[in-house]
Amino acid sequence: MTGEGWFLTAEMLELIEEGAPNIVCTQPFACLPNHIVGKGVIKELRLRHPESNIVAVDYDPGASEVNQLNRIKLMLSTAQKRLASGQSDRQ
């Protein structure tokens, strides 16, 4: 009864709840369900799960490789900062 966009959302939620909050959501060209539903729920997932670190990366003819890599690097930088701060809290 649901489509690929909702399936993607459920997968992201499952990853977050199982302790994998760092997610790169790759979106192929012309994937309308992913573009609308996937991107649309990221804000709500972040509100409900502040530990989540999600980035949507479009892979289409108009997207530059530099922009894609920069978005992924920024997400990884945030993940490393959170990991470092979490480790220092435990010491």
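Laboratory data are not the source of any read-out in this text; all were calculated from the coordinates shown. Please read all numbers here as calculations on a predicted model, not as lab measurements. All Cβ positions, glycine included, derive from the backbone under ideal geometry; neighbour counts span all protein chains shown.
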List the residues, sorted by chain then number, that are 5 or more residues from V57 or on another chain and whose placed amide H is less than 5 Å from its amide H.
C25, T26, Q27
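If I take R0 = 22 Å and measure r between the Cβ atoms of F7 and L47 in this structure, what FRET efficiency does the formula 1/(1 + (r/R0)^6) give, to the nearest 0.05? Each step should come with its number before you reach the end.
On the way: r = 21 Å, r/R0 = 0.95.
Working from the Cβ atoms, E equals 0.55.
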Taking only the alpha-carbon atoms of the stretch 4-86, what semi-axes of the equivalent ellipsoid follow from 5 times the gyration tensor eigenvalues under a square root, in whole Å, largest first?
21, 18, 8
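Share of Cα-Cα pairs in the stretch 41-83 beyond 17 Å, in percent? Intermediate values should be presented prior to the final figure.
Details: 382 of 903 pairs.
Considering the stretch 41-83, 42 percent of its Cα-Cα pairs are separated by more than 17 Å.
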